[in-house]
Every structure is written in C-alpha cells, then in structure tokens.
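A short write-up of the structure that comes next.
The values are calculated or read from the model by the stated rules, or taken from the named source; none is laboratory data. Because the structure is predicted, anything quoted here is derived from the model rather than measured. Neighbour counts run over all protein chains shown; Cβ positions are idealised from the backbone, glycine included.
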C-alpha cells in the first residue's frame, strides 16, 4: 500500500502477491482475497482488463467465505465490467454488493456501495435508478456531517453522466453549502478549542502563581521566624556570656583585693620584725643570735598566720580541724579560696616545697581535703 501510494505500482503488485501467498498459507481467507483484489484493481488501473478477469476467474477460495470477502469480489467484478463499459453487468454486481452491505448505520458504512450503484446507473444513463439511489443515500446523510460535500459531489457527477444537469447543479450547490458550513464549523470549533485551552492555561497559571505566592509567603514567614529564633538565642547567649564575664571579672577583682590586703598585713608586720632584729643584734653570741633570730621569725610567722586566720572564715564547716596546726589550717583555707602554691608561699614567707609537703600532711590527716 505504501508503494502504491507513491506510484510504484509494479513493486506494490509484487508485495500484494507475496502477501496473498502468506495469507493463503496460514488460512486467513479474508486477507488473502483482499490482497488478490488489490492486484485486480492494479491491473484495471493499467487497463489490463483481460489479465484482471483471468485473476478473478482463477481465484482459489473456499465456498463458505465471509460477507466481507465476498463484497471484495463483487466490487472487483463491478469494477471490471465498468472498465469494459458493460454497465448492465456492472450494475448486477453492484446490486449484489449493495444487498450484501445495505446497513442503515452511518453513511460511512454503506456510501461506497451506494456510489457504485449510482455511478454505474449514471454512466448507463438510467436516470430513474440514479435518482432513486441518490435520494436514498441523501436520506442516510447525517446533518452537519463533515463529509457530506464529498457525497454531494459524487451524486452531482452521477446526475451529470445521466444527463440531468439541473440535478447535478443542485447537488453541487449543496456540496458548496456543506463545505462552507464545514469550514465555518471547523473554524468555530478550533476557536472554541483554543479559547478553552487558553482558559485552562490561564487557570493553571493563576493556580501556579497562587501556589507560588503561598509558598513564597510561607517561606518568608519561616525565614523570619528562624531569624527571630536565631537572634533570640544569640542574644540570650550573649547575655549569658556577659554575665559570666562580669562574674569572672568580679571574682578576679576580689582575688586581687584579697592579695592586696594580705600584702598590706605583711607590710604592717615588717616594723615589728625590724624591732626584733635590732634587739637580737645587740646580743654578742652567735648561737644565741641564731636562736633568737629563729624565734623572731617563728614569732612573725605565728603573728601572720593569726592575722590571716582571722581574715578567712571556715569555708567547709564539716571539715575536722582538730588535728591541724594553725599553719596547716591556713594553707588549707587559702587553697580552698583558690590561691596557688606560689601565692601561698609568698603570703606565708615559706617555700613552695614547704607548701606542698604541708598539703600532703593535711591530706593524710583529713580525707575530705
């Protein structure tokens, strides 16, 4: 069929022959007869009527074939006799085909069979039959059928061949009106389709825009809330850091103030130390000088420890101080207040090693240290 539509009739006929052989081999009678009839029509198109008739007469098919396959054969014989201008025979086969296919469904179901009769009656100049079947076909045509103009043109041609020009002109006019209405209806239908498509597109766009705006609003609200939360958390953290910083600064100030007080107390003891040293220096014996010097130093240390003990209250009331000396108690208290070994050594006028050994003694005496 593809080669036939392109004008390659010889190639098309060869393929029809191959198709007919395959359909016959597999037992598909309808397709086999259809392929053979296409060969007949090919031969008729190149005016090989005798070859077409031989092909029809030599056709091998079973007796009980379908109405569809039989209609193919009737149409082919009708076409052969029309080509031979034996219109009486052509009409006989057209009647057989028409009787076989006269179904009152739509023009598309039976139009071709009506045309076959109308055409042959028109060519044979049998006006009454031409008019009769043309009117029957016209009664079958549905109003506003887009193919009505095609049917009217065929009827007009049949009337022209039957020698009825007035009828031919009337049907040409009907064909013109039908075609014009069809074009108008198609245009209107196309316009309505475009309008509907535009409305749908516009609604889709509006819906999409509304959805987009809604999503944008929600995103803006979500981002705003997120920014507020972040700023609140950051502000809270900043305030906490400021409080901690102020607290550390205050603790640092208090620590240095305590050290300053201790240093002042130590300076107040210095005149007493000088006085004792002057008394001791008046002695003449080294041994006595050393002993008195040691006593003076111990006296100063005791006074300093006493001064410091009065400055620092007991921080841990549960701690047992009964077995600790004044020095040990003071080192313990200074450690509790956060003084380092070096600071304690400088305050008490002792070495860091002495501080560490004293702490070890305290630890042994009290498990709570």
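Can you pull out the residues in segment 42-55 that are in contact (Cβ under 8 Å) with a residue 12 or more places away in the chain, surrounded by fewer than 17 Cβ atoms within 10 Å (Cβ to Cβ) and on the phi < 0 side of the Ramachandran plot? Working first, answer last.
Narrowing segment 42-55 to residues in contact (Cβ under 8 Å) with a residue 12 or more places away in the chain: 42-47, 49, 52-53, 55.
Next cut, surrounded by fewer than 17 Cβ atoms within 10 Å (Cβ to Cβ) only: 45-47, 49.
Across segment 42-55, the qualifying residues are 45, 46, 49.
Could you tell me which of the residues 360, 340, 366 is at pLDDT 80 or above and farther than 20 Å from residue 255 by Cβ? Explain how you work it out, then say what you get.
Details: 340 fails: farther than 20 Å from residue 255 by Cβ; 366 fails: at pLDDT 80 or above.
Only one candidate passes the filter, namely 360.
Among the residues of segment 352-366, which ones are under 21 Å from residue 256 (Cα atoms) and without any contact (Cβ under 8 Å) to a residue 12 or more places away in the chain?
We begin by selecting, within segment 352-366, every residue under 21 Å from residue 256 (Cα atoms); these are 352, 355.
If the condition is that a residue be under 21 Å from residue 256 (Cα atoms) and without any contact (Cβ under 8 Å) to a residue 12 or more places away in the chain, then 352 is the only one that fits.
When residues of segment 100-128 are filtered for being at pLDDT 70 or above, part of a helix (DSSP H, G or I) and surrounded by fewer than 19 Cβ atoms within 10 Å (Cβ to Cβ), how many remain?
Qualifying residue count for the region: 4.
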